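*Asks:* This is the structure I have questions about; it appears just below.
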Amino acid sequence: MKHFLSLRNIEPSSVLKLIDRAIEIKGGSKPTNLEGKILGMLFFKRSLRTRVSFEAGMAKFGGTAIPISVGSDSWDLETEEGIIMNGDKTEHVKEAAPVLSRYCDILGVRSAPTIGKKEDNILNSFAKYSEVPVINLESNLEHPCQALADIMTIKEKISRPKKMVLTWLPQVKATPVATAHSVSMVGPFLGLDTTIVHPPGYDLDPDFLEFSQNIAENFGGRLSVKVLENGADRDKLFSDSDIIYGKSWVSKAKSETEQSEEFLKYSSFKVSAIPKNSKFMHCLPVRRNLKVSDSVLDSSIVVDQAENRMWTQLAILEDLL
Ligand code: CP
């Protein structure tokens, strides 16, 4: 069964083909096979863009999407194998996934993050028991739909980009790392000179960095990581950068309380200004003037990124269906 779970298990050339197809669809080409199809989407965590971009995309081309907020629209779902289900969870994915497969042609799953854990239990459980393809709508570790939209946006908005900085942003509470892992691949897939910059202790998972490094080498780019204590030093990396991508992410090395307290310590990592010729990107949602200033956001391409979620996801749906 072909799923869309991670950019790490797809041929790099196929990733770029999806982007090219998304650009064609945005330009007016109709996806061939969405008419009459049903997408079931399970949300273990809230969403604005992912939910509406999939619903709108399906509706535009004759399909239907059914979003389910797990636990409020449906039963709470268990993923652990062999467990005695005497807690809050009423139904096991072993039944829920095949049952949904009998109603829907394709499923999407947004997991609840388990901060600090290197597991994708919810997503993997659906992929195991589903009888139809499954799309990762953001798991504990990855957000591949976001990465595709971001690659497309850079291709559209910047002619011949060379340099990208992915910077950690201050956070008032520990924020999942999935998007940062996926965005670490964006510059590499475009062959850019990519720098990831964060304070001490906020390292991304080495497996993702190694993957992104290999992709960068494959496409003639470079990936480096800089660990800095303050935003003024970080800002020096912005010069000549075509893209400055901001994102908060959790530290595996520190407790949630420690990280909340570090908000003040690393508040200089807020992006207050960027060079005139750079474009600012963020996956959204973002807390204005806490992580990024009004002026940077107001001249950014964040809305274009969000729009491109729909076009790239249509290419994924067409490919899987
Ligand atoms: N970027 C993104 O996935 O947005 P939502 O959490 O609103 O879906």
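The values are calculated or read from the model by the stated rules, or taken from the named source; none is laboratory data. Worth saying up front: this structure is predicted, and the values here are computed from it rather than measured. Don't worry about glycine lacking a Cβ; one is built from the backbone with ideal geometry, like all the others, and counts go over all protein chains shown. To get the accessible areas, we keep the full protein, side chains included, count just its heavy atoms, and leave off ligands, DNA and RNA. Shrake-Rupley method; radii C 1.70, N 1.55, O 1.52, S 1.80 Å.
*Asks:* Among the listed residues I115, I106, which satisfies the condition of being touching a helix residue (DSSP H, G or I) at 6+ places or on another chain (Cβ under 8 Å) and either buried (at least 24 other Cβ atoms within 10 Å of the Cβ) or within 24 Å of H3 (Cα to Cα) (or both)?
*Replies:* I106
*Asks:* Restricting to segment 32-58, give me the number of residues that are part of a loop (DSSP other than H, G, I, E, B) and touching a residue at least 60 places away in the same chain (Cβ under 8 Å).
*Replies:* Count: 8.
*Asks:* Filter segment 59-78 down to residues that are in a loop (DSSP other than H, G, I, E, B) and open to solvent by less than 30 Å² (accessible area, probe 1.4 Å), then give me how many there are.
*Replies:* Of the residues in that region, 2 qualify.
*Asks:* Is it true that S130 is buried (at least 24 other Cβ atoms within 10 Å of the Cβ) and farther than 18 Å from V52 by Cβ?
*Replies:* Judged against the criteria, S130 is not a match.
*Asks:* Of the numbered conditions (1) β-branched (V, I, T); (2) within 18 Å of the chain's Cα centre (by Cα); (3) open to solvent by 10 Å² or more (accessible area, probe 1.4 Å), T194 satisfies every one except a single condition; which is it?
*Replies:* Of the numbered conditions (1) β-branched (V, I, T); (2) within 18 Å of the chain's Cα centre (by Cα); (3) open to solvent by 10 Å² or more (accessible area, probe 1.4 Å), the odd one out for T194 is (3).
*Asks:* A further question follows. Quick test for you: out of L123, L148, L137, pick the one residue that is closer than 27 Å to K252 by Cα, in contact (Cβ under 8 Å) with a residue 60 or more places away in the chain and not assigned by TED's automatic domain parsing to the domain that holds R51.
*Replies:* The unique qualifying residue is L148.
*Asks:* Considering every residue within segment 230-242, establish whether at least one is open to solvent by 70 Å² or more (accessible area, probe 1.4 Å), more than 16 Å from the ligand (Cβ to nearest atom) and more than 21 Å from Q171 (Cβ to Cβ).
*Replies:* Within segment 230-242, one or more residues are open to solvent by 70 Å² or more (accessible area, probe 1.4 Å), more than 16 Å from the ligand (Cβ to nearest atom) and more than 21 Å from Q171 (Cβ to Cβ).
*Asks:* Given the conditions (1) more than 16 Å from the ligand (Cβ to nearest atom); (2) in the same structural domain as I38 (by TED's automatic domain parsing); (3) not small (G, A, S), and given that I316 satisfies all but one, which numbered condition is not satisfied?
*Replies:* All conditions pass for I316, except number (1).
*Asks:* Another question about this same structure. What are the pairs, 6+ residues apart or on separate chains, where a residue within segment 1-13 that is open to solvent by 100 Å² or more (accessible area, probe 1.4 Å) has its Cβ under 9 Å from a residue that is of a type in the set (G, A, S)?
*Replies:* Sorted first by the residue in segment 1-13, then by its partner, the pairs are M1/A127; M1/S130.
*Asks:* Does K155 count as outside the structural domain of I25 (by TED's automatic domain parsing) and more than 14 Å from the ligand (Cβ to nearest atom)?
*Replies:* Spelling it out, K155 is indeed outside the structural domain of I25 (by TED's automatic domain parsing) and more than 14 Å from the ligand (Cβ to nearest atom).
*Asks:* Please go through segment 89-126 and pick out each residue that is assigned to a loop (DSSP other than H, G, I, E, B), more than 16 Å from the ligand (Cβ to nearest atom) and at pLDDT 95 or above.
*Replies:* Across segment 89-126, the qualifying residues are K89, T90, C104, D105.
*Asks:* Given the residues L166, L137, which is the only one that is within 29 Å of E217 (Cα to Cα), within 14 Å of the ligand (Cβ to nearest atom) and at pLDDT 95 or above? Steps first, please.
*Replies:* Details: L166 fails: within 14 Å of the ligand (Cβ to nearest atom).
Matching residue, one of L166, L137: L137.
*Asks:* Output the residues belonging to segment 169-195 that are of a type in the set (S, T, N, Q), away from the ligand (no atom under 16 Å from the Cβ) and in contact (Cβ under 8 Å) with a residue 60 or more places away in the chain.
*Replies:* Result: no residue meets the conditions.
*Asks:* Name the single residue that is farthest from the ligand (Cβ to nearest atom) among those in segment 275-284 being more than 19 Å from L148 (Cβ to Cβ) and surrounded by 12 or more Cβ atoms within 10 Å (Cβ to Cβ).
*Replies:* The selected residue is P275.
*Asks:* Here is a follow-up. Within 13 Å of M164 (Cβ to Cβ) and small (G, A, S): is that true of G187 in this structure?
*Replies:* Yes.
*Asks:* Then there is this: Based on this model, can you work out whether W249 counts as closer than 30 Å to F61 by Cα, touching a residue at least 40 places away in the same chain (Cβ under 8 Å), within 16 Å of the ligand (Cβ to nearest atom) and aromatic (F, W, Y)?
*Replies:* Details: closer than 30 Å to F61 by Cα: no; touching a residue at least 40 places away in the same chain (Cβ under 8 Å): yes; within 16 Å of the ligand (Cβ to nearest atom): yes; aromatic (F, W, Y): yes.
So W249 fails the test.
*Asks:* Of all residues in segment 37-58, count the ones that are away from the ligand (no atom under 16 Å from the Cβ) and open to solvent by 70 Å² or more (accessible area, probe 1.4 Å).
*Replies:* Counting residues in segment 37-58 that are away from the ligand (no atom under 16 Å from the Cβ) and open to solvent by 70 Å² or more (accessible area, probe 1.4 Å) gives 0.
*Asks:* Is it fair to say I154 is out of contact with any Asp or Glu (no Cβ under 9 Å at 6 or more places or on another chain) and not in a loop (DSSP other than H, G, I, E, B)?
*Replies:* Spelling it out, it is not the case that I154 is out of contact with any Asp or Glu (no Cβ under 9 Å at 6 or more places or on another chain) and not in a loop (DSSP other than H, G, I, E, B).
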